[in-house]
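Engineer: The structure that follows is given in the form of structure tokens.
Bear in mind these aren't lab numbers, they're just calculated from the coordinates by the rules spelled out. Keep in mind the model is a prediction, meaning the values are calculated, not measured. Every residue, glycine as well, gets a Cβ built from its backbone with ideal geometry; the counts of neighbours run over all protein chains shown.
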Amino acid sequence: MSLITPQPGIMDIALYQGGAAHVAGMTDVIKLSSNENPLGPSPAAMQAVRDSAATLHRYPSTDHAALRAAIGAVHGLDPDRIICGVGSDEVLQFVVHAYAGPGDEVIYTEHGFAMYPILARMVGATPVQVAETERRVDVDTILAACNDRTRVVFIANPGNPTSTMLPDDEVARLADGLPAGALLVLDGAYAEFVDGFDGGAGLVAARGNVIMTRTFSKIYGLGGLRVGWGYAPRDIIDVLNRIRQPFNLSATALAAAEAAVRDQGFVAHCRRENAHWRAWLSAELAAAGVPSDASCSNFILARFASPDEATACDAYLQSRGLIVRRVAGYNLPAALRITVGDETGCRRVAAAVAAFKGGAA
């Protein structure tokens, strides 16, 4: 028997499953499983990628100063309170590595992002799942689960895969009610899809126990480059930077993200297009007998009568070259998460769901 063994908790981690991208034997496939922007990245970001090719032999900056300055300028934030990572996932990882460990607890909600319990187990902490109420985060349930071992509380706002939102006053009540020594992490991967929403930046500015994370993978269309960022009190940012790899982001990724965040005209265009087709798709699905909660993101959580019906609809969609996301692993076995695609994608998936429901009836 080998004496080389992993740390406790690591073998309890179930491997994260990304959205499928292929259907065997089919070429005319539309991927609506990973909440990607169907419009792609900003033309300015694509040009920045092309321009970066001339300096691929150079190491990137270690302090990400230019990108942090751009983010700060666009969002009205102090660049010294910003940290950048390989997607927002890496920033979340920094948090648990710095603030949780064996004997500690990390709270997340029953329909929360699958990475939260993985991150807890990664550092030997205990993940604690709490219930939501009708697919919405419940502040009282979270606070009731807190104790003197609670170190981190994760919530995604808007939620993934629910797409529901916790109001600002409830987020503030949650932050104020946490035990001393506990950190509230607001995962804002989909914040840009909500008009006028700051993702929790104001709450971070007013309190010492909140960190906000954002990503360039969703509305910015840079999922292939993996860039994210966090905003927190300076003392927390100082801690997180001590465990960040100095060259965690490539020069190409930094240049593309800086160009993308400065092109807010393109972001606004993407937000308008998403809102239009999100409303259209939600109405079409509802007319076909598939309800959903009002979506605050770039996907719809389509609800079916049973897990068997959701499974059957998923198979039917795949047979027509449409890939959506099963969410049974998020405690939603009777639902499918459907990314809001472009006009073609939305019309095809709406027609296919209607055909499935008509045949099932």
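Engineer: For the stretch 188-210, which residues satisfy the criterion of being among the small types (G, A, S), in a loop (DSSP other than H, G, I, E, B) and crowded, with 20+ Cβ neighbours inside 10 Å?
Structural biologist: Result: G188, A189, G199, G200.
Engineer: Could you list, in sequence order, all residues of the stretch 175-187 that are in a loop (DSSP other than H, G, I, E, B), among the small types (G, A, S) and more than 27 Å from G329 (Cβ to Cβ)?
Structural biologist: A180, G181
Engineer: Could I ask something else about it? Among the residues of the stretch 303-338, which ones are in a helix (DSSP H, G or I), among the hydroxyl-bearing types (S, T, Y) and more than 19 Å from the chain's Cα centre (by Cα)?
Structural biologist: T311, Y316, S319
Engineer: How many residues are among the acidic types (D, E) and touching a residue at least 60 places away in the same chain (Cβ under 8 Å) if we restrict to the stretch 30-77?
Structural biologist: So the count comes out to 2.
Engineer: So, S297, is that one over 18 Å from F197 (Cβ atoms) and either part of a loop (DSSP other than H, G, I, E, B) or under 18 Å from the mean Cα position of the chain (by Cα) (or both) or not?
Structural biologist: Spelling it out, it is not the case that S297 is over 18 Å from F197 (Cβ atoms) and either part of a loop (DSSP other than H, G, I, E, B) or under 18 Å from the mean Cα position of the chain (by Cα) (or both).
Engineer: If you take just the strands (runs of 3 or more DSSP E) that sit entirely in the stretch 99-174, which of them hold at least 3 residues that are in contact with a helix residue (DSSP H, G or I) (Cβ under 7 Å, 6 or more places away or on another chain) and buried (at least 20 other Cβ atoms within 10 Å of the Cβ)?
Structural biologist: 105-109, 150-156
Engineer: Please indicate, with yes or no, whether at least one residue in the stretch 211-226 is assigned to a helix (DSSP H, G or I) and touching a helix residue (DSSP H, G or I) at 6+ places or on another chain (Cβ under 9 Å).
Structural biologist: no
Engineer: Enumerate the pairs (first residue in the stretch 267-279 and under 17 Å from G345 (Cβ atoms); second residue anywhere and crowded, with 20+ Cβ neighbours inside 10 Å and among the hydrophobic types (A, V, I, L, M, F, W, C)) with beta-carbon separation below 7 Å, excluding pairs fewer than 6 apart on the same chain, so at least 6 apart or on different chains.
Structural biologist: Listed by first residue and then by second, the contacts come to C270/I219; N274/F193; N274/V340; W277/V340; W277/C346; R278/I300; R278/V340.
Engineer: Just name the residue that is farthest from the chain's Cα centre (by Cα) out of those in the stretch 219-266 that are without any contact (Cβ under 8 Å) to a residue 12 or more places away in the chain and within 16 Å of S42 (Cα to Cα).
Structural biologist: G265
Engineer: I would also like to ask the following. Those residues that are part of a loop (DSSP other than H, G, I, E, B) and acidic (D, E), I need them from the stretch 41-84; list them, please.
Structural biologist: D63, D78, listed by residue number.
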